[in-house]
There are 2 protein chains.
Amino acid sequence: MVVRTLLPQDNCLLGALSPEVHDRWGRHLDLVALSLYDVVYHADQPMRYVYFPADAIISVQYVLSCGASSAPMVVGNEALLGFNLCRAEESTPSRSLVQSAGYAYRLPRRLVREEFNRHGEFLSLMLRYTQVLITQIAQAAACNRHHSIDQQLCRWLLHSLDRLPHNRLTMTHEFISNMLGVRREGVTQAATKLRDVGVISYTRGLITVLDRPRLERLSCECYRAVRKETERLLPYLPQCQTINNSASVPTMTMEGSYEPASRSA
Amino acid sequence: MVVRTLLPQDNCLLGALSPEVHDRWGRHLDLVALSLYDVVYHADQPMRYVYFPADAIISVQYVLSCGASSAPMVVGNEALLGFNLCRAEESTPSRSLVQSAGYAYRLPRRLVREEFNRHGEFLSLMLRYTQVLITQIAQAAACNRHHSIDQQLCRWLLHSLDRLPHNRLTMTHEFISNMLGVRREGVTQAATKLRDVGVISYTRGLITVLDRPRLERLSCECYRAVRKETERLLPYLPQCQTINNSASVPTMTMEGSYEPASRSA
DNA sequence: GCGATGATGTACGCAAGCGCACGTAGCCCT
DNA sequence: AGGGCTACGTGCGCTTGCGTACATCATCGC
C-alpha cells in the first residue's frame, strides 16, 4: 500500500500563500486526521482553530430547531474553514462536519487574525473566497427552491467530486438527504435513476461516478454557475482534470426512462 | 409636508465610521434617489459604486436561466451593497434591485478599495457584516426548504420591517412571490390568512403591519436566528424600537382558522 | 457460516405548492 | 365619470415530495 506524504501544498489555498506566511505559520500548522461525521465546529461553540483540508471534505450545516438541516456550503482543499471574523474565538450558528474522511491542516485562529492585520495577500484571498462562498450558498438556495431532487443530487455529486482526487464518493443516501434537506427515499430514487442509465454505480455507502460529462449535463445550471464563479475568483486552483466543456447543450434530457425535469419550467 | 434632510448618519454603517473616514469620503459621497424596482446592479455587469442605503431597501437576487429567482439577501440602512472583493470593478452573478424606494449614499468603489488597504475599522466592520450576510443567506435557504409559505411570508415582512422607520410595506404579492421564489397565489393565500386574524391589513401594493409581536410569534425561528446574529455582530445598529421579547413562546399557533404549520414537523 | 446491523428498494396515502384559468375590484388617467 | 390596467381572490387538477411502513440485501463481527 502506498502511503503518500501530505504537504501543506495539498491545500490549494495554503499552497498559494507566500513563503513569508509559511515561515510565520510553519511550526503552528498541525496535520490532523478527520473521521467521517466528525463535528469540526458545533453550533454556537467557540472556534479555536482554522482548518485547511488536504484531502478531507467538510460541509457546513444550518440546523433548524426541528432537527431538519441543509448544507449550503462545502469546503475541500480549495479553501479553509473557520476564518469568519477572525477577531476573536467567536462562534457561528452553523455546524460543520466531516463529509469525507481525510486530513486537514489546523492552525490556531490567533495566527490567522494576526495575518489579517498585516492585510496582505491573505486578506485578498479571503475576500475573494468570501465571494465564492456567498455564491455557493445563494445558488444552492435558488436550486433548492426551483430544481428537482434529481438535479440537486447531480449538483451535490459534482461539487463533492471536485474536491476529491478520484471518482468514488463515500456517502450514504441518508447522508446526502441530510445535506440536501430532503428525504432519504427521495435520494434513493434519484440515485436509482442515475444508476439505471449508467452515470453512477453504487453499493452500500460508496458511489462511483462512471460518466462525469453526462452527470454535468444532467445537473442544473447551478453547478456550473458556482464553478464558474469559483474559477474566476480563485485563480490559484488547479484546473479540474475531469471537467470537459464539450457540451454546448446546457442541460440534457435522457432518452426514455429518465428525465430530470426542472420543477418550475 | 415635512421634508427631512437625509444625512450620512442615516445609514448606520456610515454613522459608525470615524471622522477620519468621513473626511476621506465626504466629497465623494453622493445622495442618490432610488425608485422602486430600479436595478442597482445587473448580473455580471461591472459595479462602479458602493451603495449605503439611507431609507431605501435593496434585495439581491439570484436568477436562474428559466427566469425563476430567489432573494437570499436584503440590505437596508444597516449596511452597504457592493463591497464584494473591493479589488476591482468586478461583477457578481447576482442582480440587485430596489425593494423599497428611497435614498442611498453612493461612493466610487475605488475609495472603498483604498479604505480596505488601510485595514482599519472599516475592514473589521466588513468582515462582521460578511458573517451576517452568510447567516442571512444560509438561514433563508434552510427556511425555503423546511418551512411553509405562511412562515416565510412572516419572516420576509419582518426583515423588511426592520429596515423601515414605519410599519407600511410598499410591495405587491407578486413582488414578494418573486423574492421568496414562490407563486403569487401562494403569497395571496398566506397574506389573506394573516389579514383575517388581524396581524396585517393591505390594499393594492401596500401592506400595513398591525400587530408586530404576533407576527414575530407566527414567524419561524429563521427570523430570530438572523436577527440575533445581526445584533451580535453589528453592535452599531440601533435597537429596533418595535421589537419586544415578551414572547417566551418560540412559535405560536393561531386559534381556529390559521395554523402556520411547518412543512416538516 | 450466521445473525445483527445498517443501507437500500418500494409502495401507498397525503399535503403543499404549482400551473392554469378566470373572476373581482381598486386605482390611475384622461 | 368611466374605461383600462393592474393587483388581488379563488377554484381545480396535477405533480412533487413527505411520512410511514416494511421488505430486501450487503457487510461485519463472532
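The values are calculated or read from the model by the stated rules, or taken from the named source; none is laboratory data. Computed from a predicted structure; not experimentally measured. Glycine gets a Cβ as well: all are built from the backbone with ideal geometry, and neighbour counts include every protein chain shown.
Tabulated data
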{"read-out": "Hits in segment A:51-88 (condition: in contact (Cβ under 8 Å) with a residue 60 or more places away in the chain, more than 14 Å from every other protein chain (Cβ to nearest Cβ), of a type in the set (A, V, I, L, M, F, W, C) and under 19 Å from residue A:134 (Cβ atoms))", "value": "A:80"}
{"read-out": "Failed item, numbered, when residue B:123 is tested on (1) touching a residue at least 24 places away in the same chain (Cβ under 8 Å); (2) of a type in the set (A, V, I, L, M); (3) under 24 Å from residue B:229 (Cβ atoms)", "value": "(1)"}
{"read-out": "Residue count, segment A:128-154 (criterion: away from DNA strand C (no atom under 15 Å from the Cβ) and basic (Lys, Arg))", "value": "1"}
{"read-out": "Residue match in segment A:94-104 (condition: hydrophobic (A, V, I, L, M, F, W, C), away from every other protein chain (no Cβ under 14 Å) and within 25 Å of residue A:124 (Cα to Cα))", "value": "yes"}
{"read-out": "Candidate set: segment A:33-51, residues that are closer than 22 Å to residue A:171 by Cβ and in a strand (DSSP E or B); chosen: the one modelled with the highest pLDDT", "value": "A:51"}
{"read-out": "Lone unmet requirement of (1) away from DNA strand C (no atom under 16 Å from the Cβ); (2) closer than 19 Å to residue B:149 by Cα for residue B:228", "value": "(2)"}
{"read-out": "Condition broken by residue B:159, with the remaining ones in (1) surrounded by fewer than 21 Cβ atoms within 10 Å (Cβ to Cβ); (2) more than 16 Å from DNA strand D (Cβ to nearest atom) satisfied", "value": "(1)"}
{"read-out": "Hits in segment B:211-240 - residues which are among the charged types (D, E, K, R) and under 20 Å from residue B:130 (Cα atoms)", "value": "B:224, B:227, B:228, B:229, B:231, B:232"}
{"read-out": "Identity of the residue in segment B:91-124, surrounded by fewer than 19 Cβ atoms within 10 Å (Cβ to Cβ) and closer than 19 Å to residue B:137 by Cβ, that ends up modelled with the lowest pLDDT", "value": "B:91"}
{"read-out": "Segment A:106-154, residues that are in a strand (DSSP E or B) and either of a type in the set (Ser, Thr, Tyr) or within 11 Å of chain B (Cβ to nearest Cβ) (or both)", "value": "none"}
{"read-out": "The one condition in (1) within 12 Å of DNA strand D (Cβ to nearest atom); (2) under 18 Å from the mean Cα position of the chain (by Cα) that residue A:146 fails to fulfil", "value": "(2)"}
{"read-out": "Tally, over segment B:1-20, of residues that are more than 17 Å from residue B:82 (Cβ to Cβ) and surrounded by 13 or more Cβ atoms within 10 Å (Cβ to Cβ)", "value": "5"}
{"read-out": "Scan of segment A:16-46 for residues that are without any contact (Cβ under 8 Å) to a residue 12 or more places away in the chain and under 21 Å from residue A:126 (Cβ atoms), ordered by number", "value": "A:19, A:20, A:23, A:26"}
{"read-out": "Residue check, residue A:160 small (Gly, Ala, Ser) and under 29 Å from residue A:206 (Cβ atoms)", "value": "yes"}
{"read-out": "Filtered residue count, segment B:155-212, keeping only those that are assigned to a loop (DSSP other than H, G, I, E, B) and either away from DNA strand C (no atom under 16 Å from the Cβ) or under 20 Å from the mean Cα position of the chain (by Cα) (or both)", "value": "17"}
{"read-out": "Residue list for segment A:187-233, filter: within 12 Å of another protein chain (Cβ to nearest Cβ) and either more than 16 Å from DNA strand D (Cβ to nearest atom) or surrounded by fewer than 21 Cβ atoms within 10 Å (Cβ to Cβ) (or both)", "value": "A:221, A:224, A:225, A:226, A:227, A:228, A:229, A:230, A:232, A:233"}
